[in-house]
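These notes are about the structure you will find just below.
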Amino acid sequence: MPYQSVNPYSGEVVATFAEITDAELEDALSRARSAYEEWRRRSFDERAAVTRHAARILRERRDEFARLLTLEMGKRIGESVEEVLLSADIFDYYADNAENFLKPVPIDTRRGEAVVVSSPLGVLFGVQPWNFPYYQLARFAVPNVMAGNVTMVKHASGVPRSALAFEDLYREAGAPDGVYTNLFVTKEQVGKVIDDPRVMGVALTGSEQAGSVIATRAGKAVKKTTLELGGSDPLIAMPDADLGPTVHWAVWGRLHNCGQSCVATKRLLVHEQIADKFLEEFTAAMSGLVAGDPMDERTTLPPMSSQSAADKLKAQVAEAVEHGARATEVGPQVPETGAFVQPTILTDVSRDNPVYGQELFGPVAMFFSIRDEDEAISIANDTGFGLGGAVFTSDIEHGKKIAHRIESGMVFINHPTWTAPELPFGGIKQSGYGRELSWLGIHEFVNKKLINVV
Ligand code: NDP
């Protein structure tokens with residue numbers, strides 16, 4: 001399957017890129033390894049200068065970068081601009097903090113003088129998804145490049161122009177050739193890259209299936225991996241939740257990026273005392289969405305990233321209905337051209353319905369009325385996923401207690417799961433392992449070396 005840029009609003013094929021040959025791959029690996037020898041010796045200040053320059057370029061040309069996202073995967077233009085600026089913030093954050101995060105840590109020991117230093121590992125390989133085409137790359141590349149590693153990336157086949165734009169960004173910012181390399185590789189070549197002795201670690205964001213394939217291969221080659229896989233985040237609304245903001249954030253949590261986010265609010269668990277009113281207001285808000293051109297600022301419901309993604313979601317809803325769920329389609333009929341999906345609310349989802357355990361990547365919400373906190377926790381944790389979660393309540397201390405009971409890597413009180421450079425991002429269970437962003441993210445692919453003077 002070649003790398004192809006298709007506008008999901010019009011269906012137009014914008015560009016196609018050939019996969020690289022094995023000889024080109026070998027050349028790229030060899031250049032990355034040579035770049036590492038030089039890059040690792042640069043000071044933090046020198047690496048930070050390149051990294052800050054990249055942030056400046058993103059901010060100065062944010063509209064140009066943003067347009068590409070919208071044309072390539074259908075993200076609303078306002079959200080594309082937000083993604084460009086968030087990516088710029090990640091560049092600045094690690095330019096400012098990497099040296100401090102990686103400073104040597106002295107150990108209190110009776111066995112002489114001991115210190116743990118953090119050294120780079122070498123060439124790292126990232127396999128990345130299409131849903132946040134720059135942010136995902138920034139999350140992987142920026143901390144690692146600041147740590148002195150060099151990075152190679154296989155981006156999703158549907159976002160090749162964003163992939164090239166990000167590679168150009170590093171080049172323009174002054175990174176030497178080989179510090180960041182985009183690879184239009186085949187699946188078979190992905191295996192070769194993982195096996196290659198020059199490659200020291202692999203980070204994947206994507207589906208469980210892809211994560212399992214990549215981690216199995218890396219495990220065989222004894223290489224460290226981090227995996228950020230899917231999620232089915234619960235939003236628990238307690239009876240004392242402020243209904244207006246709760247509904248507002250539930251809609252935002254479900255619809256941001258047209259629902260195509262690992263940390264989207266996918267399951268609404270609302271206390272029975274407020275369930276009817278919540279559902280009425282949530283339905284009204286979802287009904288008011290305006291489907292249309294994602295380039296138009298007035299659009300609030302863009303197409304999904306591809307027709308195949310839209311078809312997959314519709315098939316999940318149909319299967320859920322076959323197994324007894326009620327699917328309420330809301331709002332005006334969405335356009336027939338473009339990868340649109342009618343906003344839908346699933347109710348009466350029993351625990352044996354296949355959709356109960358599935359990730360819904362798009363504008364389809366699952367709604368449950370819950371009796372009490374224990375039932376909310378039981379449903380929230382009754383999933384293979386463990387990425388994020390949210391609790392809405394006016395009793396913050398109680399909210400924190402509920403947060404401790406949710407089995408996931410992140411829980412937010414009175415807000416759906418979200419992200420910022422300084423907040424660690426990642427999950428447990430089938431949502432993967434390891435953390436990106438924050439001080440934790442930069443520690444994943446460094447050698448924590450003990451030096452002990454006895
Ligand atoms: P994938 O997991 O298939 O794609 C993510 C990345 O992995 C892409 O670069 C893809 O390449 C690559 N990849 C997939 N399979 C392999 C393989 N066997 N060997 C090497 N590389 C591989 O996600 P999809 O785009 O197919 O989306 C499917 C579902 O995954 C979504 O509906 C959603 O549920 C979940 N998902 C979760 C994401 C998250 O943020 N956690 C992000 C994206 C998807 P290529 O594009 O060439 O196939």
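The values are calculated or read from the model by the stated rules, or taken from the named source; none is laboratory data. Keep in mind it's a predicted model, so treat the numbers as computed, not measured. Here the Cβ is made from the backbone with ideal geometry for all residues, glycine too, and neighbour counts use every protein chain on show. Surface accessibility is based on the protein's heavy atoms, side chains included, excluding ligands, DNA and RNA. Shrake-Rupley method; radii C 1.70, N 1.55, O 1.52, S 1.80 Å.
Selection over region 3-21 of residues that are out of contact with any strand residue (DSSP E or B) (no Cβ under 7 Å at 6 or more places or on another chain) and under 12 Å from S162 (Cα atoms) gives a count of 0. Flag set for G206, criterion: within 13 Å of the ligand (Cβ to nearest atom), within 29 Å of G357 (Cα to Cα) and not aliphatic (A, V, I, L, M).
When region 248-283 is filtered for residues that are of a type in the set (G, A, S), in a helix (DSSP H, G or I) and either within 14 Å of the ligand (Cβ to nearest atom) or open to solvent by 30 Å² or more (accessible area, probe 1.4 Å) (or both), only G259 remains.
Among residues of region 54-65 that are within 14 Å of G174 (Cα to Cα), those with a Cβ under 8 angstrom from a residue that is open to solvent by 90 Å² or more (accessible area, probe 1.4 Å), sequence gap 6+ or separate chain, pair up as A54/E172; I57/E172. Between L68, L86, L124, L137, the distinction of being aliphatic (A, V, I, L, M) and more than 16 Å from the ligand (Cβ to nearest atom) belongs to L68 only.
Checked against the criteria, E172 does not count as near the ligand (Cβ under 9 Å from one of its atoms) and open to solvent by 30 Å² or more (accessible area, probe 1.4 Å).
Test F425 against the criterion of being aromatic (F, W, Y), open to solvent by less than 60 Å² (accessible area, probe 1.4 Å) and more than 14 Å from the chain's Cα centre (by Cα), and give yes or no. Here the answer is no, as F425 does not meet what is asked. Taking the stated definitions as given, is E188 open to solvent by 50 Å² or more (accessible area, probe 1.4 Å) and within 13 Å of the ligand (Cβ to nearest atom)? Answer is yes for this residue. Of all residues in region 218-232, those that are over 13 Å from V193 (Cα atoms) have Cβ atoms under 7 Å from Cβ atoms of residues that are more than 12 Å from the ligand (Cβ to nearest atom) and of a type in the set (D, E, K, R), 6 or more apart or on another chain, in T226/E444; S232/R267.
Here F385, F340 are screened, and the one residue that is out of contact with any strand residue (DSSP E or B) (no Cβ under 7 Å at 6 or more places or on another chain), crowded, with 21+ Cβ neighbours inside 10 Å and either within 18 Å of V270 (Cβ to Cβ) or at pLDDT 95 or above (or both) is F385. Considered as a group, the residues in region 225-247 that are within 16 Å of the ligand (Cβ to nearest atom) and assigned to a loop (DSSP other than H, G, I, E, B) include one that is farthest from L124 (Cα to Cα), and that residue is S232. Whether any residue in region 369-384 is on the phi > 0 side of the Ramachandran plot, touching a residue at least 24 places away in the same chain (Cβ under 8 Å) and not aliphatic (A, V, I, L, M) is what I want to check. Taking every residue of region 369-384 in turn, none turns out to be on the phi > 0 side of the Ramachandran plot, touching a residue at least 24 places away in the same chain (Cβ under 8 Å) and not aliphatic (A, V, I, L, M).
Total residues in region 262-309 satisfying the condition of being in contact (Cβ under 8 Å) with a residue 12 or more places away in the chain, closer than 30 Å to V159 by Cβ and among the hydroxyl-bearing types (S, T, Y): the figure is 5.
Evaluated against (1) in a strand (DSSP E or B); (2) in contact with a Phe, Trp or Tyr (Cβ under 7 Å, 6 or more places away or on another chain), L58 falls short on exactly one condition, (1). Taking the criterion of being open to solvent by 20 Å² or more (accessible area, probe 1.4 Å) and part of a helix (DSSP H, G or I), the residues of region 80-112 that qualify are V81, E82, L85, L86, D89, D92, Y93, D96, N97, E99, N100, F101.
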